[in-house]
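Structure record follows, encoded as structure tokens.
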Amino acid sequence: MIGGFCLLFKRERPLLDIVKEGRGNTTLSLFFGLLSGIVLNAFCVILAYLHNDFTLLFNSFAPLQLLALLFAVLIQSGAEELLVRGFMMQRLERRYSPLLAMIVSSMLFAALHLFNPHVTMIAVINLFLFGFFMALVTTFYQSLWMVIGIHAAWNYTQAIIFGLPNSGIPATYSIFSLMHPMKSAFYDPLFGIEGSLCAMLLLILLIAAMAFLNVYKWKSAFSKHE
């Protein structure tokens, strides 16, 4: 439905340029995105676990169910990325400026989660920061596939592997189950990792790193044209 909506705009279809394979849209980019998403989420989960914010117990391992859920998460995360980074951000960037496009698309991404269960102000800020980080990644690598991978792996690792709420939504199946959750700077027991101050700090650091890389890339390209 989202893809069909975007394709209705025949005069400006920035989505098409970034969906087809080429530039940063490669299988390697998708793999790197998946790996990055797993590492980033697992890092936050491990910190919360070491802080004794919850106990993880083994639940079950069902390969076919895990594969089906991975496909479903890829579709769901991909649809959000197609709308926000693949269409909205690209369209605004062509009409206005890259920075405005990043800010507005990140606000849209946060707004898409406003009606999730147990949403908090910290969660909304983190969702905006996550969206801005993804916008910087898209711009630097020219890759929608990479951000789809990061987004999908983050959600999958949090909900399907560790059994934590994913933006306030509990998983129907997970390899591990959660016991004795406690609220702290590392974890929000109702909303999940995205509702924590730890995630906020991590996202700020990631944004700073990606902003530096984008500025360095812009300066290098500018120097070559002089």
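Do we have Leu213 as in a helix (DSSP H, G or I) and either acidic (Asp, Glu) or open to solvent by less than 50 Å² (accessible area, probe 1.4 Å) (or both) here? Answer is no for this residue. Look at (1) assigned to a helix (DSSP H, G or I); (2) open to solvent by 30 Å² or more (accessible area, probe 1.4 Å); (3) over 28 Å from Tyr216 (Cβ atoms) and you find that Phe128 fails only one, number (3). The sole residue among Ile161, Ile122, Ile150 that is under 21 Å from Glu194 (Cα atoms) and open to solvent by less than 40 Å² (accessible area, probe 1.4 Å) is Ile150. Among the residues of region 49-82, the one identified as open to solvent by 60 Å² or more (accessible area, probe 1.4 Å) and under 16 Å from Met134 (Cβ atoms) is Gln76.
When region 138-161 is examined, which residues are found to be of a type in the set (Gly, Ala, Ser) and at pLDDT below 95? Before the answer, list the steps.
Restricting attention to region 138-161, the residues satisfying the condition of being of a type in the set (Gly, Ala, Ser) are 143, 149, 152-153, 159.
Across region 138-161, the qualifying residue is only Ser143.
Summed over region 88-119, residues that are in contact (Cβ under 8 Å) with a residue 40 or more places away in the chain, within 16 Å of the chain's Cα centre (by Cα) and in a helix (DSSP H, G or I) total 1. With respect to the conditions (1) of a type outside the set (Asp, Glu); (2) in contact with a Pro (Cβ under 9 Å, 6 or more places away or on another chain); (3) more than 30 Å from Tyr49 (Cβ to Cβ), Ser143 lacks only one, and its number is (2).
Residues that are polar (S, T, N, Q) and surrounded by fewer than 16 Cβ atoms within 10 Å (Cβ to Cβ) do not occur anywhere in region 83-95. Could you tell me whether Ala135 is in a helix (DSSP H, G or I), modelled with pLDDT of 95 or more and surrounded by fewer than 24 Cβ atoms within 10 Å (Cβ to Cβ)? In short, no.
Within the group Ile160, Ile150, Ile125, which residue is touching a Leu at 6+ places or on another chain (Cβ under 8 Å), within 20 Å of Met107 (Cβ to Cβ) and touching a residue at least 12 places away in the same chain (Cβ under 8 Å)? Break it down stepwise before answering.
Working: Ile160 fails: within 20 Å of Met107 (Cβ to Cβ); Ile125 fails: touching a Leu at 6+ places or on another chain (Cβ under 8 Å).
Sole residue among the options that is touching a Leu at 6+ places or on another chain (Cβ under 8 Å), within 20 Å of Met107 (Cβ to Cβ) and touching a residue at least 12 places away in the same chain (Cβ under 8 Å): Ile150.
One residue stands out in region 167-191 among those that are assigned to a strand (DSSP E or B), in contact with a strand residue (DSSP E or B) (Cβ under 6 Å, 6 or more places away or on another chain) and modelled with pLDDT under 95: the one that is surrounded by the most Cβ atoms within 10 Å (Cβ to Cβ), namely Ser177.
The values are calculated or read from the model by the stated rules, or taken from the named source; none is laboratory data. Given the structure is predicted, the values throughout are model-derived calculations rather than measurements. Every residue, glycine among them, receives a Cβ derived from its backbone with ideal geometry; neighbour counts consider all protein chains shown. Side chains are part of the model used for accessible areas, which takes the heavy atoms of the whole protein and leaves out ligands, DNA and RNA. Shrake-Rupley method; radii C 1.70, N 1.55, O 1.52, S 1.80 Å.
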